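Asks: Before I ask anything, let me first share the structure, which is written out below as structure tokens.
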Amino acid sequence: MRAYGELTREELLVIKQQVAASYEKARGKGLQLDISRGKPSKTQLDLAEGMLTAISSNEDCVDMDGLDCRNYGGSIGIPEARRLMGDMMAVSMDQVVVCGNASLTIMFDTVSRSFTHGVLGNTPWSKLNKVKFLCPVPGYDRHFGITEYFGVEMINVPMFTAGPDMDLLEKLVTEDESIKGIWCVPKYSNPQGISYSKETVRRLALLKPAAKDFRIFWDNAYCIHHLYEEEEKQDRILNIIEECDKAGSPDMVYEFVSTSKVSFAGGGISAVASSKANLEEIKRHMNYQIISHDKTNQLRHVKFFRDLKGVKAHMMKHAAIMRPKFERVVSVLEKELGGLGIGSWTMPKGGYFISFDALPGCARAIVAKAKEAGLVMTGAGATYPYRKDPEDSNIRIAPSFPTLEELEVAADIFVLSVKLVSLDKLLKNGFN
């Protein structure tokens, strides 16, 4: 298959006519498909049905220390839940506080607390002239939404195959005291599916920030979300908490995790792991915020999963559902777009997304074109701070929610949209 850029104008016009006819046929079907968010499918949610009956009597509601989980108390989480979440992050339960159903809430609270009360005795961010965050891009839109909400200036840091551009990152944090944090999705990143290399994790732990209250927000959302059962096909990353300890900077990182896409998306449990000093500060503020989180839900998770081995076995059931969807999308992309020179894409070993890079200046038009044919996608630009992709090229594909059959149709609409918009760009710019 010849690249579009090698064809004559006349050849491009013939191809455009053929693609346009296929696109109009698809648009005429009145489809309603949605691959805009990384939502678990109904089949995935059904896997956790046993959790609904994991607690069936009053006698079931007592934790290992004898605490009645129906009552107040246990503000940092029941011991067995702290152990389970700690095992997911490969840290001691003493380094873990278990919270409510969403790790995003913990992240929001952590940023908010930094503005109102400061970090470990440092000046509250609200009293500073400028607060900045580093944002590896493309990245997670909800991370950027939190910092935008608080008026934080966000600085793009390019993502490479081994993680963020560490040369740029080190220079920025060393020179600028107003840089207070960085967002990281270190394993199967959103949206590219990249896992940080050993060197990247070590260099992050060895950072010497100008700001004493600089923090790494380590959102390990996909730490157990492998697509393949074979260990050689699963990504492994270093333990950032251990690396920061080794580097003599134990306070520099907050690690977040949840079961939001493991059990029930709106009814999971979340946790934060960090140094003793950071956790003591978190606990102190929690005393004013909440008496205790939903301990019966924590207990329900422990009774259903039992231990990390049970969690991993459960995630292989998720993988069996997710893997064919990822492979189907990539298969269509390779078959229809491979060799055309109008796009590139990732094939992650885990996580929830495929990242697609179109020709510069085409992403917004492609998403709009797909929507005309009944396919809703994540808004172009969402993977960048302020929703401004400087190249207007990145598009996030979320294969999880539709059925395989729906996904095949969605992928067809997407590639037709990519072709049409790319052809228009080539014809308009006169590349031939």
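Asks: Give the range 404-429 a look and list any residue that's closer than 18 Å to Thr8 by Cβ and touching a residue at least 24 places away in the same chain (Cβ under 8 Å), or say none.
Replies: Answer for the range 404-429, where residues must be closer than 18 Å to Thr8 by Cβ and touching a residue at least 24 places away in the same chain (Cβ under 8 Å): Lys419, Ser422, Leu423, Asp424, Lys425, Leu426, Leu427.
Asks: Turning to a different aspect of this structure: Please pick out the residue among Gly66, Gly118 that is open to solvent by less than 30 Å² (accessible area, probe 1.4 Å), modelled with pLDDT of 95 or more and among the small types (Gly, Ala, Ser).
Replies: On the way: Gly66 fails: open to solvent by less than 30 Å² (accessible area, probe 1.4 Å).
The conditions single out Gly118.
Asks: Looking at the range 69-102, which of its residues are open to solvent by 30 Å² or more (accessible area, probe 1.4 Å), more than 23 Å from the chain's Cα centre (by Cα) and of a type in the set (A, V, I, L, M)?
Replies: Across the range 69-102, the qualifying residues are Ile76, Met93.
Asks: I would also like to ask the following. If the Cβ limit is 8 Å and pairs must be 6+ apart or interchain, which residue in the range 58-72 that is more than 11 Å from Leu299 (Cα to Cα) and in contact (Cβ under 8 Å) with a residue 40 or more places away in the chain pairs with which residue that is open to solvent by 90 Å² or more (accessible area, probe 1.4 Å) and not charged (D, E, K, R)?
Replies: From the range 58-72, the pairs are Tyr72/Ile291.
Asks: Let me ask something else. Hey, can you tell me all the residues within the range 124-162 that are without any contact (Cβ under 8 Å) to a residue 60 or more places away in the chain, outside any strand (DSSP E or B) and of a type outside the set (A, V, I, L, M, F, W, C)?
Replies: Pro124, Ser126, Lys127, Asn129, Lys130, Arg142, Gly145, Tyr149, Gly151, Thr161
Asks: Testing Ser274 on (1) polar (S, T, N, Q); (2) open to solvent by less than 10 Å² (accessible area, probe 1.4 Å); (3) in contact with a helix residue (DSSP H, G or I) (Cβ under 6 Å, 6 or more places away or on another chain), one condition comes back false. Which one is that?
Replies: That leaves (3) as the condition not met.
Asks: Next up: Considering only the range 171-188, I want to know if a residue exists there that is touching a Cys at 6+ places or on another chain (Cβ under 6 Å) and not in a helix (DSSP H, G or I).
Replies: Yes, because at least one residue in the range 171-188 is touching a Cys at 6+ places or on another chain (Cβ under 6 Å) and not in a helix (DSSP H, G or I).
Asks: Touching a helix residue (DSSP H, G or I) at 6+ places or on another chain (Cβ under 6 Å), open to solvent by less than 10 Å² (accessible area, probe 1.4 Å) and touching a residue at least 60 places away in the same chain (Cβ under 8 Å): does that describe Leu333?
Replies: Values: touching a helix residue (DSSP H, G or I) at 6+ places or on another chain (Cβ under 6 Å): no; open to solvent by less than 10 Å² (accessible area, probe 1.4 Å): yes; touching a residue at least 60 places away in the same chain (Cβ under 8 Å): yes.
No; evaluated as a whole, the condition is false for this residue.
The values are calculated or read from the model by the stated rules, or taken from the named source; none is laboratory data. Being a predicted model, the structure only gives us computed values, none of them experimental. For neighbour counting, all protein chains shown are included, and Cβ atoms are generated from backbone atoms with ideal geometry for every residue, glycine included. The accessibility values were calculated without ligands, DNA or RNA, using every heavy atom of the protein model including side chains. Shrake-Rupley method; radii C 1.70, N 1.55, O 1.52, S 1.80 Å.
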